[in-house]
1. Given the conditions (1) within 16 Å of the ligand (Cβ to nearest atom); (2) crowded, with 16+ Cβ neighbours inside 10 Å; (3) under 27 Å from PRO153 (Cβ atoms), which single one is not true for SER35?
2. Going by the structure shown, is GLY55 assigned to a helix (DSSP H, G or I) and within 13 Å of the ligand (Cβ to nearest atom)?
3. Scanning the range 210-220 for residues that are closer than 17 Å to LYS38 by Cα and surrounded by fewer than 22 Cβ atoms within 10 Å (Cβ to Cβ), which turns out farthest from the ligand (Cβ to nearest atom)?
4. Here is a list of conditions, (1) loosely packed, with under 14 Cβ neighbours inside 10 Å; (2) in a strand (DSSP E or B), and GLN67 meets all of them except one; can you say which number that is?
5. Suppose the filter is in contact with a helix residue (DSSP H, G or I) (Cβ under 9 Å, 6 or more places away or on another chain), β-branched (Val, Ile, Thr) and more than 16 Å from the ligand (Cβ to nearest atom); does ILE74 pass it?
6. Please specify each residue of the range 43-64 satisfying the condition of being touching a residue at least 40 places away in the same chain (Cβ under 8 Å) and buried (at least 20 other Cβ atoms within 10 Å of the Cβ).
7. Check the range 10-30 and report whether any residue there is touching a residue at least 12 places away in the same chain (Cβ under 8 Å), within 16 Å of the ligand (Cβ to nearest atom) and closer than 26 Å to VAL142 by Cα.
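Nothing in this text is a laboratory measurement; each read-out follows from the coordinates by a stated rule. Just so you know, these numbers come straight off a predicted model, no measurement behind them. Methodologically, a virtual Cβ is constructed for each residue, glycine included, from the backbone with ideal geometry; neighbour enumeration extends over all protein chains shown.
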Amino acid sequence: MTDFSQRLKLVQQQIADAEAQANRAPQSVQLLAVSKTKPIPDIEAFYQLGQRAFGENYVQEGVEKAQTLAHLNITWHFIGPLQSNKTKAVAEHFHWLHTVDRLKIAQRLSEQRPSHLPPLNVLIQINVSQEASKAGVALSDVDTLADQISALPNLQLRGLMCIPAQQDAEALKQDFKAMQKSFHGLQSRYSQVDTLSMGMSGDLSLAVECGSTLVRIGTALFGARDGRANG
Ligand SMILES: *Cc1c(COP(=O)(O)O)cnc(C)c1O
């Protein structure tokens, strides 16, 4: 077995174990392979192993990869910060965006989504640890932004995403639980909401315990990144 094959199996097993431990249905948590800064052959290798969902953080890099690999049946997720002057490329080349945190971005994406494509799936990013420097809306503002997004024709609101602060396990769990509660509230208002994007290589199991439906895993699959490490 190759390194990639072993790592993929290990991560899949970690997810399965966490699902079982939390009494959740098998396969209720989706694996998003975060391929930022990694070369195209690495993506092709994971594709050969059956992985279909990939996440990118940088617009130009992500668009180049999506175009080069257009012949493959990949679902592309944009998970990085998005400036309003870069929305068009995301609207044209991605299937999902995890980081909507203001109406202006959502409006531009809806206007720029090509008419031959289905609506862009979007998640609202929550600044769950209330860090001054971090992107995302406060939990108290979710409902307002959700209502605004739902009124836009070419976006489909699918749920919530967070990148919590580096903190001890107890504080992290509190943040994840707050996300879970807000997610359930949103689900009760919008029937199409089904995705809670939380958990990375270091906190996958705790995130699954707290109701994550999608974990974003880079390092544990592709190995360490150098350079622009955390996008
Ligand atoms: C880089 C990144 C990840 C993956 O992080 P790892 O710790 O390498 O698994 C997940 N989510 C976001 C938003 C990222 O930028």
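1. Condition not satisfied by SER35: (3).
2. Criteria not met by GLY55.
3. Filtering the range 210-220 for residues that are closer than 17 Å to LYS38 by Cα and surrounded by fewer than 22 Cβ atoms within 10 Å (Cβ to Cβ), the one farthest from the ligand (Cβ to nearest atom) comes out as ALA220.
4. (2)
5. Here the answer is yes, as ILE74 does meet what is asked.
6. Result: PHE46, GLN51, GLY55, ASN57.
7. The answer is yes, given that some residue of the range 10-30 is touching a residue at least 12 places away in the same chain (Cβ under 8 Å), within 16 Å of the ligand (Cβ to nearest atom) and closer than 26 Å to VAL142 by Cα.
Okay, residues lined up against (1) away from the ligand (no atom under 16 Å from the Cβ); (2) in a helix (DSSP H, G or I); (3) at negative phi:
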{"site": "GLU131", "(1), (2), (3)": "no, no, yes"}
{"site": "ASP141", "(1), (2), (3)": "yes, yes, yes"}
{"site": "GLN148", "(1), (2), (3)": "yes, yes, yes"}
{"site": "MET161", "(1), (2), (3)": "no, no, yes"}
{"site": "GLN174", "(1), (2), (3)": "yes, yes, yes"}
{"site": "SER191", "(1), (2), (3)": "yes, no, yes"}
{"site": "SER201", "(1), (2), (3)": "no, no, yes"}
{"site": "VAL208", "(1), (2), (3)": "no, yes, yes"}
